[in-house]
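The values are calculated or read from the model by the stated rules, or taken from the named source; none is laboratory data. In this text the structure is predicted, and so the values were computed from the model without any measurement. Here the Cβ positions follow ideal geometry from the backbone for every residue, glycine too, while neighbour counts run over all protein chains shown.
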Amino acid sequence: MKLVLRRPTQAGLVRVMHVCRQPGVLSSPFCSSSSPSQTHYHQESSSSSPPPPPPPQPLRMPSSEQPRPGHVAMYARSTANGSPSQGLSFTPEQRVSKNLTGLIPHVMEGADKQCERALKMIRSRQTNIDRYLYLSTLKSQNVDLFYRLLMDNAKEMMPLVYTPTIGDVCLQYSTLYTRPEALYISIKQRKSVRTILRNWPYQNPEICVVTDGSRILGLGDLGVNGVGIPIGKLALYTAAAGIHPEKTLPIVLDCGTANESNLKDPLYLGLRSKRIPVAEQQEFMDEFMEAAAEVYPNMVVQFEDFESEKAFNYLDRYRNKYKCFNDDIQGTGAVVLGGYIGAVNLSGVPIEEQRLVFMGAGSAGVGVAKQLVEFYTKRGLSEQAARDKFWLVDTKGLVTKDRGDKLAEHKKYFARTDNNGHQFRSLEEVIEYVKPTALIGLTATFGVFTESVVRALKASVDAGGLGRRPILFPLSNPLTKAECTFEQAVNWTDGTVIFASGSPFNSFTVKSGDHAVTYNPNQGNNVYVFPGIGLGAILAKASRVTDNMIYTSAAALAGSLNADEIHKGLIYPRIERVREASLIVAREVMKCARRDGVSMLPEEKWTEWEEWGDPALEKYIKAHIYDPVF
């Protein structure tokens with residue numbers, strides 16, 4: 001006997017991997033993440049013997065949906081005929097036609113029963129990281145079941161797929177890594193960006209989320225470990241807006257990292273070098289945007305978690321040339337504006353008397369403030385009068401033009417000139433000086449809204465008259481970076497606060513004698529707007545994403561609340577209605593794209609929709625979205 005090495009055929013690997021990754025099928029040695037280049041040992045007699053049988057023929061996919069050569073592992077989440085895995089939902093006839101008989105348990109189950117099993121498994125896990133890993137595996141094995149589970153249990157599942165859990169996932173990404181789920185493009189691969197983009201195994205992606213990992217949530221520079229953010233965001237694009245999972249493209253641009261912990265971590269998956277100079281990062285970004293537009297001309301690009309200066313620079317540089325927007329600047333601004341519109345209506349403080357203090361003057365803080373300026377200008381104020389309603393505070397105190405330090409470019413728009421030379425160094429001093437009606441936090445600093453700060457806000461609102469309520473939005477993510485908790489805000493304002501946070505908080509009940517009052521928080525989660533913005537831009541075939549489209553998304557969000565939500569004093573829809581709200585946002589964004597002259601759809605389409613009204617447009621949208629039914 002002699003031992004020879006035999007490479008498995010591509011066809012054989014496709015079939016083995018697709019079959020063994022069906023949920024409920026036990027793993028075999030062939031179900032590992034082996035690539036076609038790996039080898040398996042096979043014993044062969046030295047004497048003459050019959051040739052080995054040919055490998056089993058693969059189950060064919062339609063040619064338009066074939067994975068590209070070398071992409072077997074990433075394509076394993078689909079069955080070999082090109083349709084997503086149905087798990088135990090395959091009928092007896094399908095099992096016969098796909099040669100699956102005996103490879104999965106005999107019982108046939110619908111989506112409800114499979115979701116029930118998955119929920120039980122998730123709830124049995126001890127930590128959110130473990131729950132995330134289970135969901136990640138489920139997504140790779142049965143993508144329809146994953147999204148059915150996410151959509152039907154949004155309140156429970158979304159915090160596991162995105163914030164707050166995703167922050168912990170990113171911190172540990174290099175340790176937790178098991179399979180590729182994104183494109184990883186390194187500065188060392190400059191001049192090859194087009195080739196790398198073409199390596200993505202799914203045809204013609206429609207939405208891309210890209211980061212360089214330089215400012216992940218409130219966690220700082222995580223380098224390649226920040227790739228969890230694009231992966232999580234795109235899962236929400238699918239769950240909330242119905243963009244097909246195979247039309248999504250997560251990307252991380254690896255320009256090095258300033259994070260010493262990463263550089264010292266022997267398991268770190270990124271470049272082991274300091275982040276390259278800003279000018280080189282700009283050149284790399286130019287190449288990426290040019291290549292993305294060439295390779296995938298219909299794709300919308302969402303910028304995510306770039307450090308502030310680059311975030312503003314890239315948005316200004318590319319917004320009129322490519323189909324792109326920045327979620328931290330524009331998406332956060334839109335979702336906060338959508339909630340602020342409702343909050344103003346509940347506050348009892350007239351619009352003309354509103355005064356806003358922002359704690360945090362980074363890309364998100366300035367982006368939100370600019371969206372709110374537009375809100376006031378659309379209600380008749382001059383731009384200067386609208387701007388005068390805002391006081392921004394950073395780590396050095398109130399942002400003023402004569403503070404003595406060199407202000408970042410994006411802060412200059414809101415720098416105050418009416419401080420008469422006096423500098424206010426603390427948030428308490430600013431509140432005492434401004435007497436605000438609203439306090440918005442985007443600091444990524446836990447607990448910065450102290451009891452004295454919140455009580456001072458309430459006092460300044462109470463001084464204006466009876467029945468007035470303070471607006472308090474601690475928006476930093478994840479929970480460990482929140483400026484204050486919901487319970488603290490309620491207790492420190494005697495229950496009068498209008499509250500919205502970036503991360504989810506639970507309702508709580510306060511009992512007093514025979515009476516009990518339940519307080520329900522609002523979450524100003526960007527998931528209420530960015531999926532609808534992306535879907536609207538895609539379906540309108542927008543040549544770019546305009547400022548009006550962003551503002552329209554906020555107004556549409558504010559108008560998406562139902563009667564019950566309004567009655568309960570909510571300022572955002574319940575998260576269980578996120579897809580319904582997203583489709584409303586997408587509809588209005590599409591109409592705005594047409595008004596702004598950037599929709600490339602045939603004019604006869606718009607004429608038809610104008611004749612038949614919103615129901616006709618909604619029917620078109622629903623016909624073009626993914627719904628995980630099996």
Next on the checklist: Every residue in the stretch 561-586 that is crowded, with 19+ Cβ neighbours inside 10 Å, over 20 Å from the mean Cα position of the chain (by Cα) and of a type outside the set (Val, Ile, Thr), please.
Outcome noted: Leu561, Leu570
Checklist entry - Restricting attention to the stretch 173-181, does a residue exist that is touching a strand residue (DSSP E or B) at 6+ places or on another chain (Cβ under 8 Å) and touching a residue at least 24 places away in the same chain (Cβ under 8 Å)? => result yes
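Condition check ((1) closer than 30 Å to Arg148 by Cα; (2) of a type in the set (D, E, K, R); (3) part of a helix (DSSP H, G or I); (4) in contact with a Leu (Cβ under 9 Å, 6 or more places away or on another chain)) across all residues:
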| site | (1), (2), (3), (4) |
| --- | --- |
| Ile185 | no, no, no, yes |
| Ile196 | no, no, yes, yes |
| Tyr202 | yes, no, no, yes |
| Pro205 | yes, no, no, yes |
| Ile229 | yes, no, yes, yes |
| Ile243 | yes, no, no, yes |
Item to check | Meets criteria (in contact with a strand residue (DSSP E or B) (Cβ under 6 Å, 6 or more places away or on another chain), assigned to a helix (DSSP H, G or I) and over 30 Å from Met600 (Cβ atoms)) for Val490 | outcome: yes
Checklist outcome for this item: The one condition Ile104 fails out of (1) touching a Gly at 6+ places or on another chain (Cβ under 9 Å); (2) within 22 Å of Ile231 (Cα to Cα); (3) among the aliphatic types (A, V, I, L, M) is (2)
Checklist outcome for this item: If we keep only residues of the stretch 462-487 that are under 16 Å from Ile351 (Cα atoms) and either modelled with pLDDT under 95 or part of a loop (DSSP other than H, G, I, E, B) (or both), then the residue nearest to the chain's Cα centre (by Cα) is Pro470
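For the stretch 287-320, give me each residue that is without any contact (Cβ under 8 Å) to a residue 40 or more places away in the chain and within 23 Å of the chain's Cα centre (by Cα). Before the answer, list the steps.
We begin by selecting, within the stretch 287-320, every residue without any contact (Cβ under 8 Å) to a residue 40 or more places away in the chain; these are 289-290, 293, 297, 313-318.
Across the stretch 287-320, the qualifying residues are Met289, Ala293, Pro297, Asn313, Tyr314, Leu315, Asp316, Arg317, Tyr318.
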Item to check | Pairs, first under 22 Å from Val335 (Cα atoms) in the stretch 472-498, second acidic (Asp, Glu), C-beta under 7 Å, six or more apart | outcome: Pro474/Glu483; Ser476/Glu483
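Being within 24 Å of Lys247 (Cα to Cα) and not acidic (Asp, Glu) narrows it down to one residue among Ile187, Ile166; which is it? Steps first, please.
Values: Ile187 fails: within 24 Å of Lys247 (Cα to Cα).
None of the others qualify; the one that does is Ile166.
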Checklist entry - Name the pairs whose Cβ atoms lie under 7 Å apart, with the first residue in the stretch 120-138 and in contact (Cβ under 8 Å) with a residue 40 or more places away in the chain, the second among the aliphatic types (A, V, I, L, M), and 6 or more positions between them or separate chains? => result Asn128/Leu160; Ile129/Val169; Leu133/Leu176; Leu138/Ala118; Leu138/Leu145
Checklist outcome for this item: The strands (runs of 3 or more DSSP E) lying entirely within the stretch 275-380 that contain at least 2 residues which are among the aliphatic types (A, V, I, L, M) are 300-303, 356-359
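From the list Asn128, Asn142, which residue is buried (at least 21 other Cβ atoms within 10 Å of the Cβ) and touching a helix residue (DSSP H, G or I) at 6+ places or on another chain (Cβ under 9 Å)? Break it down into steps so the answer makes sense when it comes.
Details: Asn128 fails: buried (at least 21 other Cβ atoms within 10 Å of the Cβ).
Within the list Asn128, Asn142, the selection yields Asn142.
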Item to check | Residue check for Asp168: touching a strand residue (DSSP E or B) at 6+ places or on another chain (Cβ under 9 Å), assigned to a helix (DSSP H, G or I) and at pLDDT 90 or above | outcome: no
Next on the checklist: Out of the residues in the stretch 493-518 meeting the condition of being in a loop (DSSP other than H, G, I, E, B) and more than 33 Å from the chain's Cα centre (by Cα), tell me which one is surrounded by the most Cβ atoms within 10 Å (Cβ to Cβ).
Outcome noted: Asp494
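Which residue, of Ser512, Ser476, is small (Gly, Ala, Ser) and within 30 Å of Leu427 (Cα to Cα)? Give the steps one after another, and end with the answer.
Values: Ser512 fails: within 30 Å of Leu427 (Cα to Cα).
Result: Ser476 is the single residue among Ser512, Ser476 that is small (Gly, Ala, Ser) and within 30 Å of Leu427 (Cα to Cα).
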Checklist entry - Is there a residue in the stretch 130-148 that is of a type in the set (Val, Ile, Thr), out of contact with any strand residue (DSSP E or B) (no Cβ under 9 Å at 6 or more places or on another chain) and assigned to a helix (DSSP H, G or I)? => result yes
Checklist outcome for this item: Of the listed residues (Leu263, Leu249), the one being more than 17 Å from the chain's Cα centre (by Cα) and farther than 25 Å from Tyr572 by Cβ is Leu263
Next on the checklist: Step by step: first the residues of the stretch 545-560, then only those that are part of a helix (DSSP H, G or I) and among the hydroxyl-bearing types (Ser, Thr, Tyr), then the one that is surrounded by the fewest Cβ atoms within 10 Å (Cβ to Cβ). Which residue is that?
Outcome noted: Tyr551
Checklist entry - Can you spot a residue in the stretch 179-200 that is in contact with a Ser or Thr (Cβ under 8 Å, 6 or more places away or on another chain) and more than 29 Å from Ile533 (Cα to Cα)? => result yes
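Here is a yes/no grid of residues against (1) closer than 30 Å to Gly465 by Cβ; (2) in contact with a Gly (Cβ under 8 Å, 6 or more places away or on another chain):
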{"site": "Phe303", "(1), (2)": "no, no"}
{"site": "Gln330", "(1), (2)": "no, yes"}
{"site": "Ala343", "(1), (2)": "yes, no"}
{"site": "Pro350", "(1), (2)": "yes, no"}
{"site": "Met359", "(1), (2)": "yes, yes"}
